[in-house]
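The values are calculated or read from the model by the stated rules, or taken from the named source; none is laboratory data. The shown structure was predicted, so the numbers you read here are calculated from the model rather than taken from an experiment. Reconstructed Cβ throughout: ideal geometry from the backbone, glycine too, with neighbour counts over all protein chains shown.
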Amino acid sequence: MKVGIDKMHFASSHLYVDMTELARARGAEPDKYLIGIGQAQMAAIPPSQDIVTLAANAAYPMLTAEDIQAIDLLVVATESGIDNSKASAIYVAHLLGLNRRTRTIEMKEACYAGTAGVQLAQEHVRVHPDKKALVIGADIARYGLNTPGEPTQGGGAVAMLISADPQILALGTESTLLSEDVMDFWRPLYHTEALVDGKFSSNIYIDYFQDVFKGYLESTGTSASDLTALVFHLPYTKMGLKALRSALPLVSETQQESWVAHFECARKLNRYVGNLYTGSLYLSLLSQLLTDPKLEAGDRLGLFSYGSGAEGEFYTGVLQADYANGLDTGLPQCLARRQRVSVTEYEQLFKSQLAWKADDQELDYASDPHRFVLTGQHDEQRQYLDKWA
Ligand code: HMG
């Protein structure tokens, strides 16, 4: 039985910062951000969006009444949690009108947790093929103003429906994992921005990729040349390029050119959004599927998931004949329609997120065009609004 990704949809902010402007404001060469980091624009998340609204805004456009009836597992993967006890998935399930019999959980292991959710979901559907699982990776990447990590910020959510006989990608049951205690990136509970050893984290990422990629090829008897393209977690798009380059000696020159050309499609949309932690690998997969003219049904794609701390996994999926029907086809146009904000406006947005304090707070959501918005906090409870209700 085939099980895998049946539908995918993305949501982020309607606002972005231009990386050339940000570089100039930070006294950096624009090419450092555009080429050296590989980012052209960065999503600027307004206070009226948090992981709950991003997750719900990503999922609702792709769900039919029939899907909602069949979903009995919802996983929200995030490292931008809003509560130490209650799962963000509970709020998301409520906003989406999911069945009360749905198992509803939040998962955490840095950027890797989205993949943990996908694997849990595919195992669930293999046991219950008449059911569907919804997995959403939702995050807001924050390193702080004027820090080396700043040009690698971003945010958004990717929602994936996992089902039997999937339209997009039939997932393999084999994968290779690596998990060890590494202090490359972390965020203690009292911090709103991540702590990171940037260069170290980039080196660990490559080490993990090489370990799980080679481990997968050996343990499954797969040849690197069997893979049409490699899709990476993209904290910034140059990171994926570096990992890809480390694998090129394993294939012929012709295939090296083909892998690099496929990768340029896989990073296209991530260049305009930035890091969205748990969703980054899956935005790159969406980018690959939406913008790559050279893909064909039956192509086998390799996926590398990395989460600091650290955990890595390599697995593969086979592209299905109707894959285009399951995709968020309006995404490139949606990103192109976003509104540019100045560096000063972005800095104001950055500083005006809902404060981590008990007081009642009200947020200005009038200019936020999304269906689901965060309107503030009352009696220490976050207030969400469905504008369509
Ligand atoms: P930095 O020190 O400011 O940058 O921070 P740099 O000086 O290393 O320059 C970056 C690149 O730009 C270099 O290229 C320069 O040569 C190049 P590289 O050597 O890397 O190939 N450069 C130029 N290129 C063209 N024209 C120019 C020019 N000037 C310089 N004029 C760093 C960079 C990535 C370290 C920083 O942004 C950072 O700390 N980011 C956050 C950490 C991160 O993203 N780590 C990635 C791996 S860990 C991961 O993926 C997990 C994560 O997603 C979290 C999670 O799991 O939850 C982060």
Subject >> Long-range neighbours under 9 Å by Cβ, at least six apart or interchain, first residue modelled with pLDDT of 95 or more within segment 120-136, second among the basic types (Lys, Arg) >> reply: 121/132; 124/103; 124/131; 125/131; 125/132; 133/103
**OP:** Output the residue which, of all residues in segment 110-149 that are under 26 Å from residue 188 (Cα atoms) and surrounded by fewer than 19 Cβ atoms within 10 Å (Cβ to Cβ), is farthest from the chain's Cα centre (by Cα).
**Re:** 146
Original post:
Can residue 303 be described as in contact (Cβ under 8 Å) with a residue 24 or more places away in the chain and surrounded by fewer than 22 Cβ atoms within 10 Å (Cβ to Cβ)?
Top reply: no
Subject >> Residue check, residue 39 surrounded by 16 or more Cβ atoms within 10 Å (Cβ to Cβ), within 16 Å of the ligand (Cβ to nearest atom) and not in a helix (DSSP H, G or I) >> reply: yes
**OP:** Take the residues in segment 191-212 that are in contact (Cβ under 8 Å) with a residue 60 or more places away in the chain and either more than 14 Å from the ligand (Cβ to nearest atom) or assigned to a helix (DSSP H, G or I) (or both), then tell me which one is farthest from residue 267 (Cα to Cα).
**Re:** 192
Original post:
For residue 163, which of the numbered conditions (1) more than 9 Å from the ligand (Cβ to nearest atom); (2) out of contact with any Lys or Arg (no Cβ under 6 Å at 6 or more places or on another chain); (3) in the same structural domain as residue 93 (by TED's automatic domain parsing) fails to hold?
Top reply: (2)
**OP:** Could you list, in sequence order, all residues of segment 230-275 that are among the hydrophobic types (A, V, I, L, M, F, W, C) and under 26 Å from residue 143 (Cβ atoms)?
**Re:** 231, 232, 234, 239, 241, 243, 244, 263, 266, 269, 273
Original post:
From 250, 269, which residue is touching a residue at least 12 places away in the same chain (Cβ under 8 Å), away from the ligand (no atom under 16 Å from the Cβ) and within 30 Å of residue 11 (Cα to Cα)?
Top reply: 269
**OP:** Using the structure shown, decide if residue 174 is more than 16 Å from the ligand (Cβ to nearest atom) and not assigned by TED's automatic domain parsing to the domain that holds residue 105.
**Re:** yes
Original post:
Which one of the conditions (1) under 23 Å from residue 116 (Cα atoms); (2) in the same structural domain as residue 22 (by TED's automatic domain parsing); (3) among the charged types (D, E, K, R) does residue 368 fail to meet, given that it meets all the rest?
Top reply: (1)
Subject >> Scan of segment 73-130 for residues that are polar (S, T, N, Q) and not in a loop (DSSP other than H, G, I, E, B), ordered by number >> reply: 88, 104, 115, 119, 122
Original post:
Conditions: (1) surrounded by 15 or more Cβ atoms within 10 Å (Cβ to Cβ); (2) part of a loop (DSSP other than H, G, I, E, B); (3) away from the ligand (no atom under 13 Å from the Cβ). Residue 188 meets all but one. Number of the miss?
Top reply: (1)
Original post:
How many residues does segment 213-242 hold that are more than 12 Å from residue 315 (Cβ to Cβ) and in a loop (DSSP other than H, G, I, E, B)?
Top reply: 7
Subject >> Check on residue 162, among the β-branched types (Val, Ile, Thr) and under 30 Å from residue 221 (Cβ atoms) >> reply: yes
